[in-house]
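A short write-up of the structure that comes next.
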Amino acid sequence: MIYNSTNIQEIFEGLVNKKKHVILFGAGRCASECIKKINEYIWYLCDSWKTPDYITGDVCEKDYLYAYAPIEEFIDCIIDNDEEKQGKDFLYHEQTFQIKPPDYLKEVDTDHYIIIITTEKYENEIRHQLSHMDYLENMPCYSYNRNMHYYDNYSRGLIVDRVIIPYMEKMKTFLYWKFPENEYEVIKRLIEQGEYVCNGAAFQITTICNLRCKYCADYVPKMKKNRNMDVTQILRDIDTFFSVTGRCLYVQLSTAEAVLCVNLGIILKKLLQMEQVRFIEIITNGLSYPKDEEVVKLLANPKVMLVMSDYNMQEKTDESRKFYKEKGIRVNYLAKQRWKIEGTKPYDSKMSHADLIDCYMSCKQAKFCPLEIAEGRLTACGRIQRFVELSDFESNHDYLDFADYSTKKELKEALIRLNLDPYMDGCAWCAVPRQKPSEFIEPAEQLPYGVKGWD
Ligand code: SF4
Ligand code: SF4
């Protein structure tokens, strides 16, 4: 069994050019999800947009030659270990595929098939199982969730994976904001012209919080010095970032309790005056609310949305929500959002470059969370700024300092490069890849007073 990492563009080209077929492994809901996601990717890949000039390579890369064909056209059957499912049909939209036992693999011509594992939950077991089937020695096998987003070079598919899908998917999650119907057309044109497009930018305005959550994803209680960021620098960063950005879906204010930050009014006023800033999301724990009348008025602007999740402190969050409602301030209350262990001690797990790519490219946070700008420095993932602050972590790859670029052109090119680079050194220091899909914790467990260090 060959387990090389790949990407959907390469797989699709292989299926079309080499007339190969696909066998899926895992017939649950994950199979439908996997088919849907692969089709989305292929659809964007084959859609009519010119590959921007910064993607060099052969002619195929510039003028993509293949017409859209859904992955179902290449699927032969689905394997599943569950005897209850074997022999039945798996229905995807109007098409049916037979569910077969693993022994069926003995019959297939391994030169003409590839296997795609659809499930994340049983992925390791299936890999182990397949590795004992000697007759599959030369057959390529991929896991949708782990190694189908691997890129050695810049390519059209990389733009789909890193720019278009995160943008379009993120847009769908903002049910409370109405986006223009031609949003996709707009970002396609900008990408063609070599402009920088990103799905979100978070500006770190403070690291002061009124809680001390043990597993705070932003490591707020662990910081050496909690502080409000210099407001002049924040305003400068906002200008710098938007002077080189073609389209940004939304702005977020982070890192700790931003609604209580003393500079919130000045920052909001600035953002609300900017046409390029379309929506502003502010994350709050809801324990308290701002008292300054001017800030309250700014928060009531329809461009602003507060996002509050469950902190196990119902009485206080209810009171805040009541206050915000009375003032016409919109709150997106995520009552069902569940907590996972994130704020564990950063450590260097010494991943290989290939593993870093698989890790970063399959990380949902990397795909959908906003990039973060703090004190003149931009990172693709905010957690990487924390690793710099809290550990020995350093990288000459993961972040860029605005001050290092003397022209807008240079900065824009650097932003595009950072966005397209398929790995971050910091992922080796992160707890997120080690999370188990179904392992949740109690919300907002507090650190005892005075405890600052790690467990
Ligand atoms: S998780 Fe807790 S400590 Fe961290 S920013 Fe949110 S409320 Fe503050
Ligand atoms: S540092 Fe962690 S959260 Fe950020 S992209 Fe890497 S794995 Fe994902």
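The values are calculated or read from the model by the stated rules, or taken from the named source; none is laboratory data. Because the structure is predicted, anything quoted here is derived from the model rather than measured. Cβ atoms come from the backbone with ideal geometry, glycine included; neighbour counts cover every protein chain shown. Side chains included, ligands, DNA and RNA excluded: accessible areas come from the protein's heavy atoms. Shrake-Rupley method; radii C 1.70, N 1.55, O 1.52, S 1.80 Å.
Descriptive notes on the structure:
- Share of carbon and sulfur in the accessible heavy-atom surface of the chain [1.4 Å probe, %]: 49
- Applying 1/(1 + (r/R0)^6) with R0 = 41 Å to the Cβ-Cβ distance of Asp53 and His112 gives a FRET efficiency near 0.65.
- Filtered GluC sites (Glu not before Pro), the range 361-455: DSSP coil and at most 15 other beta carbons within 10 Å: Glu375, Glu394, Glu439, Glu445
- Oblate is the label for the range 195-434, because a/c, from the alpha-carbon gyration tensor with a ≥ b ≥ c as root eigenvalues, is 1.5 or above and a/b does not exceed b/c.
- To the nearest ten degrees, helix 314-326 and the longest principal axis of the Cα atoms of the chain are 70 degrees apart.
- With every protein chain in place and a 1.4 angstrom probe, the accessible-area ranking of Arg377, Arg417, Arg383, largest first, reads Arg417, Arg377, Arg383.
- Binning all Cα-Cα separations of the range 284-333 at 10 Å, short to long from zero, yields these whole-percent fractions: 28, 59, 13.
- By definition, a body whose alpha carbon gyration tensor gives a ≥ b ≥ c is prolate when a/c is 1.5 or more and a/b is larger than b/c, and the range 8-143 fits this prolate description.
- Cα-based values for the chain, radius of gyration first and Dmax second, are 23.6, 73 Å.
- Expressed to the nearest 5 percent, the antiparallel share of DSSP beta bridges inside the chain is 25 percent.
- Counting only DSSP H runs of at least 4 residues, each contributing -39500 (n - 2.57), and dividing by the residue count of the chain, the helix-based mean residue ellipticity at 222 nm comes to -9000 deg cm²/dmol.
- Net length gained if the chain between Leu272 and Gln314 were fully extended (0.36 nm per residue, minus Cα distance): 12.0 nm
- Placing Glu72, Glu319 in order of accessible area, with the largest value first and a 1.4 Å probe, yields Glu319, Glu72.
- The peptide list 187-199, 99-111, put in order of mean Cβ contacts within 10 Å with the highest first, becomes 187-199, 99-111.
- Per-residue extension of 0.36 nm, minus the Cα-Cα distance of Glu33 and Ala69, leaves a gain of 11.2 nm for this segment.
- Taking Cα atoms only, the orientation of helix 264-273 departs from the longest principal axis of the chain by about 60 degrees.
- Potential extension, Lys224-Glu410 segment - 0.36 nm per residue separation minus Cα distance: 63.6 nm
- Degrees separating the helix 8-18 axis from the principal Cα axis of the chain, which is the longest one: 20
- Each label was represented as a point 7 Å from its Cα along the Cα-to-Cβ direction; for Ala403 and Glu181 these points are 4.9 nm apart.
- Once the C-beta distance of Tyr449 and Glu125 is scaled by a Förster radius of 41 Å, the resulting FRET efficiency is 0.40 to the nearest 0.05.
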